Amino acid sequence: MGNRFPAGGYLEKILRVDLTERRIIDETVCADVLHQFIGGTGLGIRLLYDELKPGIDPYSPENRVIFATGPVTGTMVPGSGTYSVISKNTLTGLVAAAQANGFFGARLKYSGYDAVVVQGRSDRPVYLHICDGKAELEDASDLVGKDTFETDMLLHRKYGEDGVEHGISVAAIGPAGENLVRYACIVSDRGHVASSGGVGAIMGSKNLKAIVVRGKHGVPIHSSNVKSYLENVKQWVEEAKSSSMGKLVSNYGSIGFFVPYHSRGWVPVKNLTTNIFAGEEVFEAEYIRGRLHHVQPRSCHGCTFYHCHTVEVAKGTYKGVVGESQHVLRSVPQKRLSLFNRKHFTQRPRLCKWRAFPFYPGGIGKSYGNPNRGNNCSCESFWASQEVLSAGFLK
């Protein structure tokens, strides 16, 4: 370790993958850089700044897509499964910095690296497999066109896990990324989404379908900091669980915010033309979790709360297993499209996540595509046309 940075939190190691040359090498990271640019986003932006020439097109092979972790990633600190994806923004040409939780960030660290820097462009679809400090590029021809859920499950089975998360994490793109949709995202652990800046389209432009990570490397904690580290973790967990917001999220996830928000007039509806959403009581979290869905808690790495759930819609058109939508996902149709069907609220995030484009811009885009958006439309119009919207997401 560097003299100015205590041993702890970082492995001082990044993996560089050149897809054009099909070359994979390990590199060390200067301790001073880790000290000055703390966290996955800080490290990723510093690497991007150092390596890119001004004016590089986001879709150029010279662009990078960087998966990076911070010093507490993979530890017992609450929420420490988070990772950052850094690249050039496909929409603005500036910096894209997207984050997602789950397990991928922790398992990237356990695989032996603080960050992965991907450059170049493969001449055929590939995925990257990293395990305990060793990395290989594998053929992904059989994954082309598959959504992120299918891709995740197939890769789990290939490496010995059948639908459970004991030690493998997959970050993948779906058809949106493959087709370079400018706001395509990356989905990891079947439902955690790095959704900002079109990072999924950058992966698609490089013919990189997915990254698989697993390993048994630990996260170094300096011996002089172990006691204070454990004390702080205990305090943070207790404070989070005892807060009113913590109790609500632990019991219901962020969908528990919807009814209180609506009662305060904080839910804009029909492109902000009203804040009244008729029938909001059917979206009460207790009803949704208690009666509408079969649910199974599915916490992130180090999470204090079990707010993420795997949901099964028991019957009807949208029968099947999905990831439970959180408040921000439910708020988009409420704000923009005035949709009332509870099972559609579960289905639509599934379509977005699995095809790997973010629900928020997708919902906004569809709402602005409504020719009647400025009118006082009836429930039979486009505003409440569940089937029309779902069909649109599939195109």
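The values are calculated or read from the model by the stated rules, or taken from the named source; none is laboratory data. Since this is a predicted model, take the numbers as computed values, not measurements. We place every Cβ from the backbone using ideal geometry, glycine too, and count neighbours over all the protein chains shown.
Of the residues in the stretch 214-236, at least one is of a type outside the set (A, V, I, L, M), within 30 Å of TYR59 (Cα to Cα) and touching a residue at least 12 places away in the same chain (Cβ under 8 Å).
Evaluating LYS88 against the criteria (1) surrounded by 22 or more Cβ atoms within 10 Å (Cβ to Cβ); (2) modelled with pLDDT of 95 or more; (3) in contact with a strand residue (DSSP E or B) (Cβ under 6 Å, 6 or more places away or on another chain) leaves one unmet condition, (3). Would you be able to say whether some residue in the stretch 186-193 is buried (at least 24 other Cβ atoms within 10 Å of the Cβ), at pLDDT below 90, over 25 Å from LEU91 (Cβ atoms) and of a type outside the set (S, T, N, Q)? The answer is yes; a qualifying residue exists. Within the stretch 52-76, being in contact with a helix residue (DSSP H, G or I) (Cβ under 7 Å, 6 or more places away or on another chain) and either within 23 Å of HIS129 (Cβ to Cβ) or surrounded by fewer than 20 Cβ atoms within 10 Å (Cβ to Cβ) (or both) holds for TYR59, ASN63, ARG64, VAL65, ILE66, PHE67, ALA68, THR69, THR73, GLY74, MET76. Residue pairs whose Cβ atoms lie under 6 Å apart, separated by 6 or more positions or on different chains, with the first residue in the stretch 119-134 and closer than 21 Å to VAL85 by Cβ and the second of a type in the set (Val, Ile, Thr) and part of a loop (DSSP other than H, G, I, E, B), are GLY120/THR20; ARG121/THR20; PRO125/VAL144.
If you go through the stretch 134-152 and pick out every residue that is basic (Lys, Arg) and part of a strand (DSSP E or B), you end up with 1.
Among the criteria (1) surrounded by fewer than 22 Cβ atoms within 10 Å (Cβ to Cβ); (2) over 30 Å from GLN36 (Cα atoms); (3) among the hydrophobic types (A, V, I, L, M, F, W, C), the one VAL95 does not fulfil is (2). Exactly one residue out of LEU34, LEU52 is farther than 25 Å from LEU180 by Cα and assigned by TED's automatic domain parsing to the domain that holds ILE86: that is LEU34. The set of residues in the stretch 10-66 that are hydroxyl-bearing (Ser, Thr, Tyr) and either in a loop (DSSP other than H, G, I, E, B) or free of Cβ contacts under 8 Å to residues at least 12 places away in the same chain (or both) comprises TYR10, THR20, TYR49, TYR59, SER60. Of the set (1) surrounded by fewer than 21 Cβ atoms within 10 Å (Cβ to Cβ); (2) assigned to a helix (DSSP H, G or I), all apply to LEU155 but (1).
Flag: ARG190 matches the condition of being charged (D, E, K, R) and assigned by TED's automatic domain parsing to the domain that holds ASP152.
Total residues in the stretch 158-188 satisfying the condition of being part of a loop (DSSP other than H, G, I, E, B) and of a type outside the set (A, V, I, L, M): the figure is 13. In the stretch 194-227, which residues are under 16 Å from ASN89 (Cβ atoms) and small (Gly, Ala, Ser)? Across the stretch 194-227, the qualifying residues are ALA194, SER195, SER196, GLY197, GLY198, GLY200, ALA201, GLY204, SER205.
When you check TYR83 against the structure, is it of a type outside the set (Lys, Arg) and surrounded by 22 or more Cβ atoms within 10 Å (Cβ to Cβ), yes or no? Criteria met by TYR83.
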